[in-house]
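**Student:** Just passing along the structure, written as structure tokens.
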Amino acid sequence: MSGLENGMMVQHASLGLGKIVALEEKAVHVFFAVSDARFATKLRLPMALALLAPAATTNAWLSRLSGFSFDAKTGRYGLAGQWLSHADAAARFLEVFPKGFADPSYGDGTDKRDRVARWRRAHEVYAETLGDGEGERLLAAGDIGGLVERALRVERTVRPLHKDADNASFEDALKDLGAARGYFAALFALLAAQAPERSRFEALAAAVAAMAPGATQEARWPLVTLLPFVARPDLHMLLRPRFACEVGHRLGLELAFEPQPNWSTYSALLRSTELLLERLRPLGARDHVDVEAFMHVVTAKHARPKPHVQVVT
């Protein structure tokens, strides 16, 4: 292989898919998609040429990854203070909660800003007011006003946690009872499936588009994913675009993000968060509520390391 260039996607015979982040006369630096480290792998030239080939596939997260910096101590290129390996992220979480998800202070509700306690309470409210077939019964009876009242009771429990200047108002979106009927029908159909399904998710996204026609595409994501996440945190995940993209970049989660709610992005999010959940189970994580809390703890501003390497332009 010849003609290596910065930014090129390559396939290594054993290390898999990667992106060239720097070229030297006698070495090429490649950041691989499976890497759990901040630094790119340094491969010697010309020996590495026999192991590299142009990539036949792509990786949305990897292709957009940028901001690599040179570390003079190691002679390698890294993600300048932003990348967190899983080990680093777990260590940060344990600094806050030494006993992991079983720590007495985790989700104890003593702090009114406690994310976990609020999400758990919202799940309980959903189960009490719309669970066990009650939502479907109200829908069949045509009591859309009752459905709206109960859904807003759930949403208000966690409104401070997902409210964003760019988000559409859940309360305003539900004012059109005709459109709300379609939303609840699609919501209950999605939740009835044993696992998230493309056709049912797309039906819910279409119902939200009809219910909130004036909202931006990105603002519809929380409307689509909030109640599924609250009702079934074992299967579904909340997607807030700005936060999801930031966390995806820092923790290496594949999102394939697109502004308009779509199955490709959502299914990629679920694959990433399910993998993260499995890696967090040894610390006591149970579901996506714990994953969401973990993301917030390890990417909090006070936890971000200070840059300590020279940025190469």
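**Student:** By how many nm would the segment from R156 to A87 grow when fully extended, if each residue of separation counts as 0.36 nm and the alpha-carbon distance is taken off?
**Tutor:** Extra length available between R156 and A87 comes to 21.3 nm.
**Student:** Got a sec? Charge dipole of the chain, +1 on Cβ for Lys and Arg, -1 for Asp and Glu; which of G135, P282, G7 is way out at the positive end?
**Tutor:** Positive-most Cα among the choices belongs to G7.
**Student:** Using 0.36 nm per residue of separation minus the Cα-Cα distance, give me the extension gain between T74 and T216 in nm, one decimal.
**Tutor:** So the chain would gain 46.6 nm between T74 and T216.
**Student:** Pull out the extension gain between D143 and L49, defined as 0.36 nm times the separation in residues minus the alpha carbon to alpha carbon distance; nm, one decimal.
**Tutor:** My answer for the length gained is 27.2 nm.
**Student:** Can you give me the Cα centroid spacing of the range 1-43 and the range 169-206 in angstrom?
**Tutor:** 43
**Student:** Just the accessible area per residue of the chain, please: how many Å² with a 1.4 Å probe? Walk me through the numbers before you get to the answer.
**Tutor:** On the way: 15000 Å² over 313 residues.
I get 48 Å² per residue for the chain.
**Student:** Further question: Quick check: Cα centre of the range 144-160 to Cα centre of the range 82-106, how many Å?
**Tutor:** 32
**Student:** What label, among (1) 50, 23, 17; (2) 41, 23, 16; (3) 43, 19, 15, belongs to semi-axes √(5λ) of the Cα gyration tensor in Å computed from the structure on display?
**Tutor:** Matching the structure shown: (2).
**Student:** What's the lysine pair count for the chain at a Cα cut-off below 19 Å, pairs eight or more apart or interchain?
**Tutor:** Lysine pairs, 8 or more places apart or on different chains, close enough: 8.
**Student:** Another question, if that's okay. If the only charges are +1 at each Lys and Arg Cβ and -1 at each Asp and Glu Cβ, what is the size of the charge dipole of the range 177-272 around the Cα centre, to the nearest 20 debye?
**Tutor:** 140
**Student:** Determine the dipole magnitude for the range 77-163: charges of +1 sit on the beta-carbon of Lys and Arg, -1 on that of Asp and Glu, nothing else is charged, the reference point is the Cα centre, and the result goes in debye to the nearest 20.
**Tutor:** 340
**Student:** Pick from A151, A141, A90: which is most flexible by mean-square fluctuation in a GNM of the chain where alpha carbon atoms under 10 Å apart are linked?
**Tutor:** A141
**Student:** By average Cβ neighbour count within 10 Å, what is the ranking of 21-32, 241-252 from highest down?
**Tutor:** For the peptides 21-32, 241-252, the packing ranking is 241-252, 21-32.
**Student:** Let me ask something additional. When the accessible area of the chain is split by element with a 1.4 Å probe, what percent falls to carbon and sulfur?
**Tutor:** Carbon with sulfur: 53 percent of the solvent-accessible area.
**Student:** Of P213, L253, A189, which is farthest along the charge dipole of the range 153-284 in the positive direction, counting Lys and Arg as +1 and Asp and Glu as -1 at C-beta?
**Tutor:** Positive-end residue among those listed: A189.
The values are calculated or read from the model by the stated rules, or taken from the named source; none is laboratory data. Since this is a predicted model, take the numbers as computed values, not measurements. For neighbour counting, all protein chains shown are included, and Cβ atoms are generated from backbone atoms with ideal geometry for every residue, glycine included. Protein only, heavy atoms only, side chains kept; ligands, DNA and RNA dropped before computing areas. Shrake-Rupley method; radii C 1.70, N 1.55, O 1.52, S 1.80 Å.
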